[in-house]
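The values are calculated or read from the model by the stated rules, or taken from the named source; none is laboratory data. These numbers were taken from a predicted model, which means no experiment stands behind them. Ideal geometry is used to build each Cβ from the backbone, glycine not excepted, and the neighbour counts take in all protein chains shown. Just the protein is used for accessible areas: all its heavy atoms, side chains included, with ligands, DNA and RNA removed. Shrake-Rupley method; radii C 1.70, N 1.55, O 1.52, S 1.80 Å.
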Amino acid sequence: MFSVNSKLSLNPFKPQGKTQPKETELGLFYTNDMHGDVNRLSKFKTAHDKFLKENTNTPHMTLAAGDCLFGSDKQRNSLMVKLFNLMGLDALALGNHEFAGGTKNLSDSLDKAEFTSVSANLDVAKDSPLQERIKDKKLVKSAVFMKGGHKFAVIGASPFDSYINTVDKTVNPKGLKDTIKAINEETKELEKQGVNKIILLSHLGYGEQGDLAVARETEGVDIIVGGHTHTKIDGVNTKNTTDKNNPHKLNLLLSKRNEPVIITQAGGMNEYAGYLNAVFDEKGVLKTDKLTNKIYDLNQFEDSKAANDLMNSELGEKVKLASVKGKYSVKSPYFERHEDNPLANAFADAMLERGKKYGAEISLYHAATIRGGAEGQITNYDVKYTMLPFNNDIKVVDISEKDLVEVLKRTSGSLLTSDDDAQLLRSSGMEYSVRNDKEYFLNGGKEPISEVKINGRTVDTKNPDENKKVRVILNSYLFSMPRTKDIMSKYADNALLVGKEQEIFTDYLKNVKEIDCDKKEERIKLTASYDGWGDIEATRKEVIEALNK
């Protein structure tokens with residue numbers, strides 16, 4: 001099949017140096033799923049500066065595989081575009097978050113871009129604002145770049161499993177089968193132009209419904225720089241390994257043409273930058289014994305003055321709001337929504353502190369909207385651009401105990417009893433217990449909530465009082481969240497707006513001056529450890545089948 005040279009050991013971004021006259025070397029600096037994160041942008045710029053310095057005499061490209069802009073946040077999108085311009089970005093794939101603010105916002109942001117955006121699998125309506133970017137060729141299916149006297153092409157692919165066509169009806173991504181067809185059509189056209197070194201800049205996600213399938217079913221694609229699933233793919237691997245201390249993802253496989261394809265992805269939230277060094281033979285086929293793929297932690301790089309100056313100009317000065325005792329790191333977005341999170345608890349406390357002015361007894365917070373970890377200090381940049389990027393409205397409302405318990409059931413019960421993505425509600429002033437032991441449900445249990453205490457007072461979860469009201473300060477998303485909308489929408493008209501997420505948390509941090517990330521709490525008690533579950537999706541499927549019998 002093919003061999004992999006596992007002994008290569010390079011300094012950061014250092015080229016290999018091609019060994020044969022007819023070989024072509026390429027250095028790729030890549031990122032994905034930055035989500036407009038600004039806290040490591042200056043380090044990202046420094047890493048890229050080092051890449052450029054090391055690869056001065058080697059053909060090189062800089063690529064971003066989508067979700068680097070952030071919806072309708074014009075200020076942050078302006079910063080990202082200006083930074084990419086400063087760095088000399090070659091191409092950007094369009095991910096779902098590029099579309100989150102609609103095509104008008106995206107078109108306006110890309111108008112200032114000095115780089116090319118690529119997507120071959122989007123149907124764009126004639127009345128879409130993106131037609132302007134198609135006309136000025138800032139949005140294309142593919143682009144050809146001349147690097148060191150060699151032609152390289154970049155094709156783009158946008159996700160088909162996200163909300164793009166629900167946010168804006170003027171764009172519609174093709175499904176997997178048609179996406180593969182579109183990529184193959186584009187590679188044929190590029191090969192007619194004499195281009196035989198082709199990169200797919202993909203936001204389809206790693207997996208059999210994404211980049212793995214594309215790699216196997218396309219002809220002519222050599223490299224896939226991916227995004228969407230926030231997957232860290234380090235090294236060159238011909239198989240998956242499950243070693244917890246040294247896991248690897250399959251990322252070197254054969255195309256439909258029986259030629260090697262390498263896939264890579266650099267995690268998410270601008271924590272890492274990737275460097276892929278590849279050597280092509282005279283026919284444009286990858287030499288598998290001359291492939292190097294490294295993921296670098298951006299925290300090891302110094303800040304860039306140029307990037308800091310740009311951020312200060314675009315966003316204002318960075319200001320410390322509070323110190324952090326200990327450290328909190330995000331394990332994964334999935335577990336973040338289920339397990340105790342000191343930052344989510346701190347924000348729930350901040351909400352209740354505001355709510356007490358209006359007589360609120362408890363706070364309820366939809367923790368999926370809080371992002372990022374904390375170490376050393378929390379700044380205004382952390383709050384606005386990482387921790388609370390959505391800045392939802394916060395409201396006070398009276399709801400019945402019965403509806404409160406039902407809301408907790410809806411958001412907690414799906415942990416094991418439905419295919420929905422469970423998102424436990426965080427609270428201050430209230431503790432509750434969730435049944436997540438599969439044996440309970442397999443033996444006929446149906447109630448996920450076993451105990452609720454409001455300021456020490458026990459609520460009868462089996463027969464909650466429909467007439468007794470609880471004054472709650474909450475995230476307004478609960479009024480429209482699909483899982484809770486039918487319960488909460490009747491309260492929306494009587495809810496009192498008392499602030500927004502970022503402002504409330506900022507005021508709280510200034511007052512408390514320190515957040516203790518070492519503090520262990522059990523506001524939500526889970527009856528089973530995830531460690532014993534094995535495959536979470538398989539466990540959930542087993543439980544659902546048992547409940548449906």
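Peptides 502-512, 168-178 ordered by packing proxy, namely the average of other Cβ atoms within 10 Å per residue, highest first: 502-512, 168-178. The simple spin-label model puts a point 7 Å past each Cα toward its Cβ; for Asp493 and Glu208 those points are separated by 5.1 nm.
Only protein heavy atoms count here; on that basis, with a 1.4 Å probe, Glu54 has an accessible area of about 80 Å². Taken about its Cα centre, the chain carries a charge dipole of roughly 620 debye when the Cβ of each Lys and Arg holds +1 and the Cβ of each Asp and Glu holds -1.
Under the combined filter of DSSP loop state and at most 13 neighbouring Cβ atoms within 10 Å, region 41-121 retains these trypsin sites (Lys or Arg not before Pro): Lys112. The label-point distance for Asp393 and Lys74, in a model that sets each label 7 Å from Cα toward Cβ, rounds to 2.2 nm.
Placing +1 on the Cβ of every Lys and Arg and -1 on the Cβ of every Asp and Glu, with nothing else charged, gives region 105-177 a dipole about its Cα centre of roughly 380 debye. Calculated FRET efficiency, Ser313 to Thr527, Cβ-Cβ distance, R0 = 35 Å: about 0.10 to the nearest 0.05.
Annotation for region 17-53: chymotrypsin sites (Phe, Trp or Tyr not before Pro) lying in DSSP loop with at most 14 further Cβ atoms inside 10 Å of their Cβ do not exist.
Basic side chains Lys and Arg get +1 at the Cβ, acidic Asp and Glu get -1 at the Cβ, and with that the dipole of region 211-281 about its Cα centre reaches some 240 debye. Among the chymotrypsin sites (Phe, Trp or Tyr not before Pro) found in region 153-253, those both in a DSSP coil and sparsely packed, with 12 or fewer other Cβ atoms within 10 Å of their Cβ, are Tyr163. Within region 159-234, the percentage of alpha carbon pairs spaced more than 18 angstrom apart rounds to 43%. Cross-link pairs exceeding 25 Å in C-alpha to C-alpha distance, out of Lys325/Lys438; Lys137/Lys188; Lys14/Lys249, comprise Lys325/Lys438. In summary, region 1-112 shows an alpha-carbon radius of gyration equal to 1.27 times the 2.2 N^0.38 Å reference for compact globular proteins. In the context of the full set of protein chains, the chain has a per residue accessible area of 43 Å² (1.4 Å probe). Pairs of C-alpha atoms in region 211-334 farther apart than 20 Å represent 58 percent of all such pairs. What the pair-distance distribution of region 433-549 shows, using all Cα-Cα distances binned every 10 Å from zero, is 9, 25, 35, 25, 6, 0 percent.
Bridgeable lysines around Lys485 (alpha carbons under 18 Å apart, same-chain partners fewer than 8 residues away excluded): Lys395, Lys402, Lys409. Taking other residues whose beta carbon is less than 12 angstrom from the beta carbon of Ile295, and scoring Lys, Arg as +1 and Asp, Glu as -1, yields 0. Using a simple spin-label model with pseudo-atoms 7 Å out from Cα toward Cβ, Asp465 and Asp123 lie 5.6 nm apart. Between the listed residues Phe99, Leu110, His48, the Cα displaced farthest toward the positive end of the dipole of region 43-132, a dipole computed from Cβ unit charges relative to the Cα centre, is found at His48. Expressed as a whole percent, the accessible surface of the chain that belongs to carbon and sulfur atoms is 44, based on a 1.4 Å probe.
Rounded to the nearest 10 degrees, the inclination of helix 41-54 to the longest alpha-carbon principal axis of the chain is 20 degrees. For Lys232, a cut-off of 13 angstrom between C-alpha atoms picks up these aspartates and glutamates, skipping any fewer than 8 places away in its own chain: Asp33, Glu271, Asp297. The stretch between Lys446 and Glu189, if pulled fully straight at 0.36 nm per residue, gains 86.8 nm over its current Cα-Cα span.
Rounded to the nearest 10 degrees, the inclination of helix 501-512 to the longest alpha-carbon principal axis of the chain is 70 degrees. Near His60, the amide H atoms lying under 5 Å from its own belong to Gly27; only residues 5 or more places off or on other chains count, and H is placed 1.01 Å from N. Here Lys74 is the anchor, and the aspartates and glutamates within straight C-alpha reach of less than 12 Å, apart from those fewer than 8 places off in the same chain, are Glu98, Asp108, Glu314.
In terms of its Cα atoms, the chain spans 81, 57, 49 Å along the principal axes, sorted from long to short.
Taking each DSSP H run with n ≥ 4 as -39500 (n - 2.57) and averaging over every residue of the chain yields -8000 deg cm²/dmol at 222 nm.
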